Each structure stands twice: as structure tokens, then as C-alpha cells.
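Just below is one structure, and these are the notes that go with it.
No lab work stands behind these numbers, since they all come straight from the coordinates. Every value quoted in this text rests on a predicted model; they were computed, and no experiment measured them. Virtual Cβ from ideal backbone geometry, glycine too; neighbours counted across all protein chains shown.
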Amino acid sequence: MAQAKLQTFGDGVGARKVIPQSLDYASGSHEIAHIHHRAQLVYATRGIVRIMTPETLWIVTSDHALLIGSQVEHELHMLGEVSMRTLYIDPAALAEPEPRCRPIAPGELLRAALLDLCAAGADTAGARRAALLEPLILDLIDTAPGAPDAARLPLPADERLRQICTSLIAQAANNETLEEWAARVGASGRTIARHFRVETGLSFGQWREQLRMAEAMSRLAVGHAPADIARELGYADARTFAVMFRRASGVSPQQFLRREGASA
């Protein structure tokens, strides 16, 4: 990653245990690599947020929230128009301070409390409301169930592999071979293949397919049509995409959508 920028808060605001912020982004927006002294809860009410840490790519939609530990370097990329509601949390206020990242299923109560806190004004009435909501939110975060189905993908540390992965994340439809990528970064195909296995536990082909699968599930979850997703992810047609999706997930894109609708 590029050198991270440290983000801080003013003294008055910084005294609060939970600092809410509402942010709207145009499609394609990017927050450069940075760190906070606080933990950060990221939740998207609209659109998709890709969050890259040194070890992992996370893909966040309205189905999940991601709690990022304090001092964890991360950058954000927006897919589609994004409405993000985020909380900056004093690590000491959490029952177990997060050392890295934890995906959580927010549940209706946490979701409602988070949105209400972000909407509270800075006047006396808003301060009273925040004083009531903050301890509730902290308790709900501490007890929130994990989200094992949250989209994530391991990222390599090797700069050559990182360059390949970053390019594919930005353009998942790219179908260049491993040998073509290896030539681009100045290494042999055999060297790149070996390092992919060692650093991610996956072959190059498996990594790219898992990236496309994570992107596909995220895009389906926010209402993209399967035919559009097939084109955006580099598949010849919707049928080819559906075959890949079923092989990787055990269900068709339509069955995935019905299952997501039933669990919403």
C-alpha cells in the first residue's frame, strides 16, 4: 500500500466514545490508505465498499458491517453510488478491542441505532439522543454475531503479486493469463504461481475466480442483473457466468437472490 495517512479528530469531538459520520460518494471514489487511532465501523446503506487492508480485501454491502481495528491501515474504493454510515469508536470502550478486522451481521436494532445516531443533530436534543444511543450501540457491537459469509479475499504482501491483485480488483473482467501478468511485473510464470500459493493459499486461477465470485455476490445483493454482472466480470455470456456461480456456490444466481430475499 501507499504510505498511510493518519486521520484525527478535534479535541471536542474526540472526547466522545463514539463519533458518527454520514458520507456519500460518487461511483469510483477512493479513500487513500490511512489509519485511525480509533476503531471504525463501516456500514453501507447503498452501494458497495471495497476495503483493502495489508492482508485482506473485504467487500461490504448493506448485508454486513466491518469493524476495523485501531491502527489498521486501510483504503476504500466505491462501486456504484455509495451512502456510508460510519462510527469511530474509542478502542477502550469496546469489551474486546479489535486487533484487526471483524465482519458482523448488524441486525435490525444495531442498524436502526447506527442510522439514528448518524442523523442526530449537534444541538442539545441531538446530544441527549447520542448519550442514550452510544452505550446501546457499543453493547450491540460487542455482542453482534459474526458474518462468516462476508465477502473477503486474502491479499499477498509481495509487491509483484500485489500489483497483479490490485489491477484485477480494479478490473475483474481482465482475462490475461498468469504468464502475461508475470511478464508485466518482471518475473517468470512459475515464480508468480509459487508465490501465489505460498502467500494466499490459492492458485492464481482460484484467486481470480474467488474475486469474481465475491464481486458477483455483492453486485447481486445490491440489485445488479446477472447479465450485466457477467459482462462486468469478463464472462462470455450470462449462461457461462451462471455455470461458474453454481460451481462456486452450489446455487444459481436466481436461487442466491431468493435466499438473500428470504433472509432479509
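Mind computing the radius of gyration and Dmax over the alpha-carbon atoms of the stretch 5-143? Å is fine for both.
14.1, 42
Once Lys and Arg get +1 and Asp and Glu get -1 on their Cβ, which of L161, A221, F256 lies farthest toward the positive end of the dipole of the stretch 156-263?
After comparing all options, I get F256.
Can you give the helix-only mean residue ellipticity at 222 nm for the chain, where every DSSP H stretch with n ≥ 4 adds -39500 (n - 2.57) and the sum goes over all residues, rounded to the nearest 500 deg cm²/dmol?
-13500 deg cm²/dmol
Per residue, how big is the convex hull of the stretch 157-210 when only Cα atoms are used? Give it in Å³.
Value for the stretch 157-210: 68 Å³ per residue.
With 18 Å as the cut-off, how large is the P(r) tail for the stretch 156-263, expressed as percent of Cα-Cα pairs?
Result for the distance tail: 51 percent.
What number do you get for the stretch 184-232 when its Cα radius of gyration is normalised by 2.2 N^0.38 Å, N = residues?
In units of the globular-protein estimate, the stretch 184-232 measures up at 1.49.
Just how many % of Cα pairs in the chain lie over 30 Å apart, if you round to the nearest whole percent?
32
Which distance in nm do the two modelled labels at A157 and Q206 give, with both placed 7 Å along the Cα-to-Cβ direction?
A separation of 2.1 nm, rounded to one decimal place.
Highest mean first, what order results for 34-46, 113-125 on Cβ atoms within 10 Å?
By packing density, highest mean first, the sequence is 34-46, 113-125.
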